[in-house]
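Below is one structure, written out as structure tokens; comments come after it.
The values are calculated or read from the model by the stated rules, or taken from the named source; none is laboratory data. These figures come from a predicted structure and were not determined experimentally. Here the Cβ positions follow ideal geometry from the backbone for every residue, glycine too, while neighbour counts run over all protein chains shown. SASA here: full protein model, heavy atoms, side chains in, ligands and nucleic acids out. Shrake-Rupley method; radii C 1.70, N 1.55, O 1.52, S 1.80 Å.
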Amino acid sequence: MNKSTTSRSAKTFRVAGLPGDGVGPEVYQSARQVLALMDACFNLSIELDEQLIGGAAVDATGNPLPQATIDACKSADAALLGAVGGPKWDTNPAEQRPEFGLLKIRSTFNLFCNLRPIVTHPTLHAFSPLRPERLAGVDLMMVRELTGGIYFGKKWREADQAEDVCRYTRSEIERITRAAGDLARQRKGRITMVDKANVLETSRLWREVVSQVLEDEFPDVSLENLLVDSAAMHLLTRPADFDVMLTENMFGDILSDEASMLCGSMGLLPSASLNESRFGLYEPIHGSAPDIAGQGKANPYAMLLSVAMMLRHSLDCTNEAEALEHSIYRCWDEGILTPDLGGACSTTQITDAVCERLSSSANTAG
Ligand code: NAD
């Protein structure tokens, strides 16, 4: 349930702000600047409750997801994360690694539904390794199951052998299929399900459950099945054919990074991880980018598009989300880009440019 309050003058929401590590705090700062402007532009007040996660939390508390962070998320409408991780913590034991904080926040809040929209923009076609004619009209929504599968299965290690168990239950597959079905209905009505059913038993269960749920509850939604190896190829040869791509945890992780290159850079792709009560964790799909951290070069667009997803999915502020997206697209059209997209702008310059366009669109609308 939304913890927002509405008064005569403003809608107020609370968001847990989790800057994290590496470029995380840099792109988080952009989000902060844009959110601060929402009040003046749209009478929308967003209180940020900033907390530690990842390596920064390990350094301060020994725990990548401290209880204070969990408590802040519990009393918030949504959480906004920069990125976690970095070489400094790579040799830590599993439970003191930054990424463990991310897995734990997903499981604590039951964030089973990960959405990664992949939409190509004509101005940026030149930055994708694919030819422009392949990129025209790409608008696909990757729906990735996020709290099951091999990332969460039992793990063990001996000196010379190790095991990671991949387990899925019928109910886990049913709920993500319903989320994908609902989305497909609002889009072009097509789901492509990706698995490895020729080899994996979990994939055979996925096929059975997905086709049953769609047949019973979404007869108007069409289903195509693809093996993951083949899907990796089809994403490059016919990306515009896909509408909703539904997949389990690890395949979705890999395919969405591949798909990010359709857009031109990892720095452009947002994500939402949702539970059944609309609470969501919003974050760019990229990591902490240690190779460019601290240089002011991080591309903040993925983070700002994640803010737009948060406004739309958890805060129900569709107009504000659209205004922010249009301000971003205007910047792209005007060539306001970071070095990963051949530009020369800094993170701060891009943030200022988006804020200027957002203010002017609000003034025009007002
Ligand atoms: P990465 O996404 O951090 O970086 C991959 C490449 O993309 C790098 O060359 C980087 O410079 C570039 N890049 C990423 N974000 C960018 C941005 N905003 N602007 C411009 N360029 C950008 O992936 P990696 O190098 O494999 O991982 C680095 C660390 O991040 C690791 O510790 C990893 O575990 C962690 N990680 C965290 C998350 C997360 O927080 N959700 C996701 C993936 C990886």
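Tabulated data
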quantity: Cut-off under 5 Å, modelled amide H: who pairs with SER45 long-range; calculated: LYS11, THR12, PHE13
quantity: Vicinal HN-Hα couplings computed from phi for segment 343-354 (Karplus, 6.51 cos²θ - 1.76 cosθ + 1.60; Hz; Gly/Pro x); calculated: x, 10, 7, 8, 4, 5, 4, 5, 4, 4, 5, 5
quantity: Rel. contact order, % - alpha carbon contacts under 8 angstrom, at least six apart, segment 115-266; calculated: 37
quantity: Whole-angstrom gap from segment 99-139 to segment 56-94, using each part's C-alpha centre; calculated: 23
quantity: Centroid-to-centroid separation of segment 157-194 and segment 288-366 [C-alpha atoms, Å]; calculated: 31
quantity: Projected label distance in nm at THR61 and GLU334, using a 7 Å step from Cα toward the beta-carbon; calculated: 4.1
quantity: Segment 213-366, relative contact order [Cα under 8 Å, separation at least 6], %; calculated: 16
quantity: Charged-residue dipole, Cβ positions (Lys, Arg, Asp, Glu), the chain about Cα centre, Debye nearest 20; calculated: 420
quantity: FRET efficiency for GLN212 and THR91, using Cβ-Cβ distance with R0 set to 41 Å, rounded to 0.05; calculated: 0.35
quantity: Within the accessible area of segment 103-215 (1.4 Å probe), percent carbon and sulfur; calculated: 50
quantity: Where labels lie 7 Å past Cα in the beta-carbon direction, separation of SER230 and VAL119 in nm; calculated: 3.0
quantity: Residue with peak Gaussian network fluctuation, the chain [Cα springs, cutoff 10 Å], from ASN92, ASN114, ASN63; calculated: ASN92
quantity: Most mobile listed residue (GLU145, GLU322, GLU283) in the chain, GNM with C-alpha springs under 10 Å; calculated: GLU322
quantity: Amide proton proximity set for LEU246, modelled H, under 5 Å, gap of 5+; calculated: VAL143, THR192, MET193, VAL194
quantity: GLU356 - accessible surface, heavy atoms, 1.4 Å probe, Å² rounded to 10; calculated: 120
quantity: Where the chain is the region considered: accessible area per residue in Å², 1.4 Å probe; calculated: 42
quantity: Fraction of beta bridges assigned by DSSP in segment 1-116 that are antiparallel (%, nearest 5); calculated: 15
quantity: Candidates LEU226, LEU81, LEU337: whichever shows maximal mean-square fluctuation once the chain is modelled as a Gaussian network with Cα springs under 10 Å; calculated: LEU226
quantity: DSSP-assigned coil residues among GluC sites (Glu not before Pro) in segment 222-298, each with at most 13 further Cβ atoms within 10 Å; calculated: GLU276
quantity: Solvent-accessible area, 1.4 Å probe, carbon plus sulfur percent, for segment 259-366; calculated: 49
quantity: Normalised contact order of the chain, rounded percent, pairs of Cα under 8 Å and 6 or more residues apart; calculated: 20
quantity: Whole-Hz ³J(HN,Hα) from phi, Karplus 6.51 cos²θ - 1.76 cosθ + 1.60, for segment 67-82, glycine and proline x; calculated: 4, 4, 6, 4, 4, 5, 5, 5, 9, 10, 7, 6, 10, 10, 10, x
quantity: CD proxy at 222 nm, helix term only [per DSSP H run n ≥ 4: -39500 (n - 2.57); per residue of the chain; nearest 500]; calculated: -13500 deg cm²/dmol
quantity: Three-way shape label, segment 1-106, alpha-carbon gyration tensor, a/c 1.5; calculated: prolate
quantity: Gained length - ASP139 relative to ALA36, 0.36 nm times residue gap less alpha-carbon distance; calculated: 34.1 nm
quantity: Placed amide H near GLU50: partners under 5 Å, 5+ positions off or other chain; calculated: GLY17
quantity: For the chain, share of DSSP beta bridges that run antiparallel, in % to the nearest 5; calculated: 40
quantity: Loop-exposed trypsin sites (Lys or Arg not before Pro) per DSSP, neighbour cap 11 Cβ within 10 angstrom, longest uninterrupted part of the chain; calculated: 155-366
quantity: Integer Hz, Karplus 6.51/-1.76/1.60 couplings in order for segment 93-108, x for Gly and Pro; calculated: x, 2, 7, 10, 8, x, 5, 5, x, 5, 4, 6, 5, 5, 6, 4
